[in-house]
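This report refers to the structure that appears directly beneath it.
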Amino acid sequence: MNRIDATPDLASVRDGLRSSTDRRVAATRSRLYDAVRELADAGTEITARTVTEKAGVARATFYTHFSGVDDLALHLQEQAFHDIAVASREADAGTIDVTVMERSQRALIAHYAEYRSLYAGAFAVAVPRGVEARVAELMRVEIVAHIRDSAHPPAGLDPDIAATYIAHAATGLIASWVLGDIEATEDELAHHLMQLMPRWMHSSIPSSAGDADGHPSEGESK
């Protein structure tokens, strides 16, 4: 994927734009996101050229906002993670409901399915600890917040370590699905993510003994 790496000045401009509340900035970014969605729906290759042509903005404008299509993909995922996490917290209202967690997993996979061609290109870039690691870090932030606010992890489990493990495992599975390395429907993938999630992430019963899911370990009474 073509990209324009940031000079210190350009990097600060991009950071400023990402936190800007200017309606013109938001409108430009919305046009770029809408263009990506339309290209993905049409099965058209997503590049800086096709996105800017569809959005009707100059390529210089695109590169003022993003260093490349992979950077745009990263920010789409960041927004999706945030929106799904907010919706989950609002639905939970301070409690943990397994159905809310299931809806969150389905919403996450639906997002990846919608932009699959974009993310396939991003995940295919063979850069050590590249896009996939950056995505996992974005996911980790939301998982840490969930663990600290709502979950009941086993005693002694560090939220940051747990969130890092879960985020990288989930991201690796999603990336493999996006790239076509594994075959599964959206529902099947969401179901596996849910079943592979530690039970204490979506159980209202605190885990204090036994294995990582809070089950009694072998030899302990149930």
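The values are calculated or read from the model by the stated rules, or taken from the named source; none is laboratory data. This structure is a prediction, so every number in the text was calculated from the model and none was measured. So basically every Cβ, Gly included, is an ideal-geometry build from the backbone, and we count neighbours across all protein chains shown. Surface accessibility is based on the protein's heavy atoms, side chains included, excluding ligands, DNA and RNA. Shrake-Rupley method; radii C 1.70, N 1.55, O 1.52, S 1.80 Å.
State yes or no: is Ala40 under 26 Å from Ala170 (Cβ atoms) and either within 21 Å of the chain's Cα centre (by Cα) or without any contact (Cβ under 8 Å) to a residue 60 or more places away in the chain (or both)? Outline the logic, then answer.
On the way: under 26 Å from Ala170 (Cβ atoms): yes; either within 21 Å of the chain's Cα centre (by Cα) or without any contact (Cβ under 8 Å) to a residue 60 or more places away in the chain (or both): yes.
So Ala40 fits the description; yes.
Considering only region 72-83, I want to know if a residue exists there that is open to solvent by less than 10 Å² (accessible area, probe 1.4 Å), modelled with pLDDT under 90 and of a type outside the set (A, V, I, L, M).
The answer is yes; a qualifying residue exists.
What are the pairs with Cβ atoms under 8 angstrom where one residue, in region 181-197, is under 11 Å from Ala113 (Cβ atoms) and the other, located anywhere, is among the basic types (Lys, Arg) and open to solvent by 100 Å² or more (accessible area, probe 1.4 Å)? Sequence gap at least six, or different chains.
Partner pairs satisfying both residue conditions: Glu186/Arg106; Asp187/Arg106; Ala190/Arg106.
So which residues in region 19-43 are closer than 17 Å to Val178 by Cβ and surrounded by fewer than 17 Cβ atoms within 10 Å (Cβ to Cβ)? Can you show your working first?
Step one: of region 19-43, the residues closer than 17 Å to Val178 by Cβ are 36-37, 39-41, 43.
Listed by number, the residues that qualify are Arg37, Asp41, Gly43.
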